[in-house]
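The values are calculated or read from the model by the stated rules, or taken from the named source; none is laboratory data. None of these values were measured; they are calculated from a predicted model. Don't worry about glycine lacking a Cβ; one is built from the backbone with ideal geometry, like all the others, and counts go over all protein chains shown.
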Amino acid sequence: MTDRFSLAEQHALITGGTRGIGLAIARGFLEAGARVTICSRRQENVDGAVQELSEFGDRVLGVAAHVGKANDLEGLLDTAEDRFGSVQILVNNAGTNPYYGPIIDSDEAAWDKTMEVNLKGPYMLSRRVARRMVAAGGGSIINIASVAGHIASPMQGIYSISKAGVIMLTKVMARELGSQGVRVNCICPGVIKTRLSEALWADPQAEKQAAALKALGRVGTTDELIGAALYFASDAASFTTGAVLNVDGGMVI
């Protein structure tokens, strides 16, 4: 059974992999035997994450890249493949939420920034990697969306719309690529203790309110996303594509 979840000799590329959910998934994949390339916009964040994962030695590569910039993505893929060969697993995790407030009070800059990172980035990188996966005989793409992509989230409207787009991107690519051996699935976290969601849990009263929305009565931790990602990445999910899995403590039921 454990062999079905093994990622031995697999090359996984994880965007936004220097902290939070991305870093947790990187560690989980490394523990499963993968070689992992992580990326983030800032070199200092990349260097810090590689140091944090130093116990895995030369199976970790860090690359500074902006997922919303086409030139950065080309350089990212070239560097990653020069080191570890073809990418068999892609995790589109990089995300941002620069605006908190009513949509009618938002400006175009907030919309553009959110869509660039949360939706355009996965679109641009996935199509580049998918072409290579098809040529190599298959692979797995995992998109990290959010339960906010299922339900209208007041004060987080632009973010919600971007994540709804990620869910549909998952389904469309799964339908188009399944016959060519590429599986595309999506994880929708609920409130997880990360910097991105800090406003929803850092204050004790806010955390209490967030926990009350969940059947399990608490917010989640980044390590609790590893199992879902490992399933989608591995042969255990060989008959799973187009799936949207909520890992939210029972918030969307």
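Pairs linking a residue in the stretch 199-210 that is surrounded by 12 or more Cβ atoms within 10 Å (Cβ to Cβ) and small (Gly, Ala, Ser) to a residue that is part of a loop (DSSP other than H, G, I, E, B) and modelled with pLDDT under 80, with Cβ atoms under 6 Å and 6 or more positions apart or on different chains, are Ala210/Trp201. In the stretch 1-14, of all residues being touching a Gly at 6+ places or on another chain (Cβ under 7 Å) and surrounded by 18 or more Cβ atoms within 10 Å (Cβ to Cβ), the one that is farthest from Val91 (Cα to Cα) corresponds to Leu7.
With the structure loaded, tell me whether Ser160 is within 14 Å of the chain's Cα centre (by Cα), within 19 Å of Leu245 (Cβ to Cβ) and modelled with pLDDT of 95 or more or whether it fails that test. Give the steps one after another, and end with the answer.
On the way: within 14 Å of the chain's Cα centre (by Cα): no; within 19 Å of Leu245 (Cβ to Cβ): yes; modelled with pLDDT of 95 or more: yes.
So Ser160 fails the test.
Taking the condition of being touching a residue at least 40 places away in the same chain (Cβ under 8 Å) and assigned to a helix (DSSP H, G or I), how many residues in the stretch 162-198 meet it? Selection size over the stretch 162-198: 14.
Restricting attention to the stretch 43-58 and to residues that are part of a helix (DSSP H, G or I) and of a type in the set (A, V, I, L, M, F, W, C), the residue that is surrounded by the fewest Cβ atoms within 10 Å (Cβ to Cβ) turns out to be Phe56. Residue by residue through the stretch 77-100, note down the ones that are in contact with a strand residue (DSSP E or B) (Cβ under 7 Å, 6 or more places away or on another chain), free of Cβ contacts under 8 Å to residues at least 60 places away in the same chain and not polar (S, T, N, Q). Passing the criteria: only Arg83. Out of everything in the stretch 194-244 that is of a type in the set (Phe, Trp, Tyr) and more than 19 Å from the chain's Cα centre (by Cα), what residue ends up being nearest to Ala94 (Cα to Cα)? Per the criteria, the residue is Trp201.
Only a single criterion out of (1) more than 30 Å from Ala130 (Cα to Cα); (2) touching an Asp or Glu at 6+ places or on another chain (Cβ under 8 Å) is not satisfied by Pro189, namely (1). Residues that are part of a loop (DSSP other than H, G, I, E, B) and small (Gly, Ala, Ser) within the stretch 150-161 comprise Ala152, Ser153, listed in sequence order.
Test of understanding: among Leu76, Leu23, Leu61, Leu30, which residue is part of a strand (DSSP E or B) and either under 20 Å from Gly139 (Cα atoms) or within 17 Å of the chain's Cα centre (by Cα) (or both)?
Details: Leu76 fails: part of a strand (DSSP E or B); Leu23 fails: part of a strand (DSSP E or B); Leu30 fails: part of a strand (DSSP E or B).
Among Leu76, Leu23, Leu61, Leu30, only Leu61 is part of a strand (DSSP E or B) and either under 20 Å from Gly139 (Cα atoms) or within 17 Å of the chain's Cα centre (by Cα) (or both).
On the basis of being touching a residue at least 60 places away in the same chain (Cβ under 8 Å) and of a type in the set (Gly, Ala, Ser), does Ser146 make the cut? In short, no. Selection within the stretch 1-20: residues that are free of Cβ contacts under 8 Å to residues at least 60 places away in the same chain and outside any helix (DSSP H, G or I). The member of this set that is nearest to Glu52 (Cα to Cα) is Thr18. Can you find a residue in the stretch 22-42 that is at pLDDT 95 or above, surrounded by fewer than 19 Cβ atoms within 10 Å (Cβ to Cβ) and of a type in the set (S, T, N, Q)? No, the stretch 22-42 has no match at all. Could you count how many residues in the stretch 134-147 are assigned to a helix (DSSP H, G or I) and buried (at least 24 other Cβ atoms within 10 Å of the Cβ)? Qualifying residue count for the region: 0.
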